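The values are calculated or read from the model by the stated rules, or taken from the named source; none is laboratory data. Everything numeric here is computed off the predicted structure, so don't read it as measured data. FYI the Cβ positions are ideal-geometry reconstructions off the backbone, even for glycines, and counts take in every protein chain you see. Ligands, DNA and RNA are stripped out before the accessible areas are found, and what is left, the full protein with its side chains, is counted by its heavy atoms. Shrake-Rupley method; radii C 1.70, N 1.55, O 1.52, S 1.80 Å.
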Amino acid sequence: MNKKRVVIVGGGAGGAIAANNLPTNEFDVVVVDKNAYHYYWPWLLYIAFKGSKRPIKKEIRELLRPKVSFIQSSVTTIDLNERRVVLEGGKALSYDYLIVATGSYPNYQLIGGHEKVAEKYGDYHSTEGRAWAVWNTINSLRRGTLAIVVGGDPYRCPPSPLEGVFLSEEFFRRRGLQDIVDIIFAVPYPRPYPAEPMNEVVEPILKERGIDYRTFFTLDRIDDERKVAVSMEGEELKYDALIVIPPHVGADIKYRPEDVLTPDRFVQADKFTNNIKGFDDAFVIGDASAVPVAKTGVTAHLQATVVAQRLQGIDARNTGRTNCPFDLGYGLGAFVISDYNHPVVKLPPSRFSHLAKMAFAAAYWDMVKYPELWNPIFDAYFEATEPEKLGRIYV
Ligand SMILES: Cc1cc2nc3c(=O)[nH]c(=O)nc-3n(C[C@H](O)[C@H](O)[C@H](O)COP(=O)(O)OP(=O)(O)OC[C@H]3O[C@@H](n4cnc5c(N)ncnc54)[C@H](O)[C@@H]3O)c2cc1C
């Protein structure tokens, strides 16, 4: 049998899962990534606010099935018209099918002074080094105000800004500093969590724990000499330490045709099939896509399995399902669950949700590597927690 060649650009959550879900007797699968390592990004949160030393990366080669090829190289151009993926140095790979899974990245250029502040106080959406800088920041702050500010959309994992807020409040309270360290959370939205039902869960927790917040605060620039973050409207927010959730953009890759990209370099696609706009043989999954779903690993996972099924001739479709775990501090959690047809469920905080988040993290590498073991568990979990069903229970 003539095997079809599938080139997957990106060996992170979406790319590795897609590769391992494709039968290698039917497809020649090649994964290209500029890094040798696959990162479990959600753990940056626990480096930043818990000082966790748990390793967050594994070699991509080690995570892929033995018959999947891996090339470590940066991709510079994707020519969808000619079905070619151009690597750094000029070598090109041709494909029958293409899956783009190149993720999303902080853009420090949009907000004046952002890069310097990220270097100084750290952030937890970029690198391990910067997450450790956050840990140093909160450990050095003995009094004053820690500001956590959402710098703009989009960013990875919608609950992550508030997770940082809740975990830092827990950090200061456990050290007995809650009365001399204030936390202020600022967002450009009308409420602390953008989706109303989940906001109804988290806003009372903010109030209960004495955490101050500002809404409609669209961050424009930061003056670290005066220690103020300034909004577009000129409103000033004073801080002693500042952590900004950086707005993200897509990977720096040229596309032909160029108009498949949005101005933020996300790749436009059909929201049900993940086909890149105008191309039956090319797909984009995970954070790299411009489809209207949250940028989460769970989304990347679900899209990867849909695309793998479609390549095998099965008419699988994305439902837009999100299932983002939400750490509320003190061992409590929730999940942000929705799909294209159902709004976010008002899921109450529970220890079980927190446990599920931790269990998911513990099983992550295994889930990527052994889909035949984990897909049935994943499917059963997703069926049991469909937003349509939960929405009838939690109103
Ligand atoms: C603090 C934080 C908390 C999070 N919490 C959660 C959570 O609890 N649950 C959840 O589901 N998700 C969570 N996420 C989001 C999740 O990590 C991402 O959504 C997920 O990793 C996206 O997978 P991806 O495959 O699209 O991108 P990635 O996993 O980022 O992989 C992209 C890959 O593309 C490669 N690449 C990029 N450009 C090129 C190029 N030019 N050439 C070759 N290779 C390239 C990169 O090297 C990388 O390996 C969190 C993220 C953060 C930052």
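Values computed for the structure shown
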| read-out | value |
| --- | --- |
| Bridge type composition, the stretch 1-81 - antiparallel percent by DSSP, nearest 5 | 25 percent |
| Centroid-to-centroid separation of the stretch 249-279 and the stretch 8-62 [C-alpha atoms, Å] | 21 Å |
| Rounded to the nearest 20 debye, dipole of the stretch 319-395 from Cβ charges on Lys, Arg, Asp, Glu | 280 debye |
| Probe 1.4 Å, accessible area per residue of the chain, Å² | 43 Å² |
| Accessible carbon and sulfur surface of the stretch 192-231 relative to its total accessible area, %, 1.4 Å | 45 percent |
| C-alpha long axis of helix 297-311 to longest principal axis of the chain, angle in ° | 10 degrees |
| Rounded to 5, the percent of DSSP beta bridges in the chain classed as antiparallel | 45 percent |
| Pairwise centroid distance, computed over Cα atoms, of the stretch 85-156 with the stretch 322-376, Å | 23 Å |
| Within the chain, helix-based [θ] at 222 nm, where runs of 4 or more DSSP H residues each add -39,500 (n - 2.57), nearest 500 | -9500 deg cm²/dmol |
| The stretch 76-122: GluC sites (Glu not before Pro) in DSSP loop, at most 12 other beta carbons within 10 Å | Glu82, Glu88 |
| Positive dipole terminus of the chain, leading residue within Val298, Trp365, Ala101 (C-beta point charges) | Trp365 |
| Nearest 10 degrees, 0 to 90: helix 128-140 Cα axis against the chain principal axis | 10 degrees |
| Under Karplus coefficients 6.51, -1.76 and 1.60, residue-wise ³J(HN,Hα) of the stretch 228-235 in Hz, glycine/proline x | 9, 9, 10, 8, 4, 8, x, 5 |
| Relative contact order [Cα under 8 Å, 6+ residues apart], the chain, whole percent | 18 percent |
| Stretchable slack from Asp212 to Thr76, in nm (0.36 nm times residue separation minus alpha-carbon distance) | 44.5 nm |
| Net length gained if the chain between Ser94 and Tyr394 were fully extended (0.36 nm per residue, minus Cα distance) | 103.0 nm |
| Amide H contacts under 5 Å for Val244, placed H, 5+ residues apart | Val149 |
| Dipole magnitude of the stretch 128-247 about its Cα centre (Cβ charges: Lys, Arg +1; Asp, Glu -1), debye to nearest 20 | 420 debye |
| Vicinal HN-Hα couplings computed from phi for the stretch 193-199 (Karplus, 6.51 cos²θ - 1.76 cosθ + 1.60; Hz; Gly/Pro x) | 10, x, 7, 3, x, 6, 4 |
| Highest to lowest packing among 5-13, 54-62, 126-134, scored as the average C-beta count within 10 Å | 5-13, 126-134, 54-62 |
| ³J(HN,Hα), Karplus 6.51/-1.76/1.60, whole Hz, each residue of the stretch 61-76, x for Gly, Pro | 4, 5, 7, 8, 4, x, 7, 8, 7, 10, 10, 8, 6, 7, 8, 9 |
| Distant-in-sequence amide H partners of Ala269 (H built 1.01 Å from N, under 5 Å) | Lys277, Ala290, Val291 |
| Rough spin-label spacing in nm, given labels placed 7 Å along Cα→Cβ, for Asn341 and Arg191 | 2.5 nm |
| Carbon/sulfur fraction of accessible area - the stretch 319-395, other protein chains in place, 1.4 Å, % | 65 percent |
| Computed magnitude of the charge dipole of the chain (debye, nearest 20; Cβ of K, R +1, Cβ of D, E -1) | 940 debye |
| Of all DSSP beta bridges in the stretch 179-336, antiparallel share, percent nearest 5 | 80 percent |
| Local electrostatic count at Asp28 - Lys and Arg +1, Asp and Glu -1, tallied over other residues with Cβ under 13 Å | +3 |
| Above-threshold pairs, the threshold being 25 Å between Cα atoms, out of Lys277/Lys389; Lys57/Lys207; Lys120/Lys238 | Lys277/Lys389; Lys57/Lys207 |
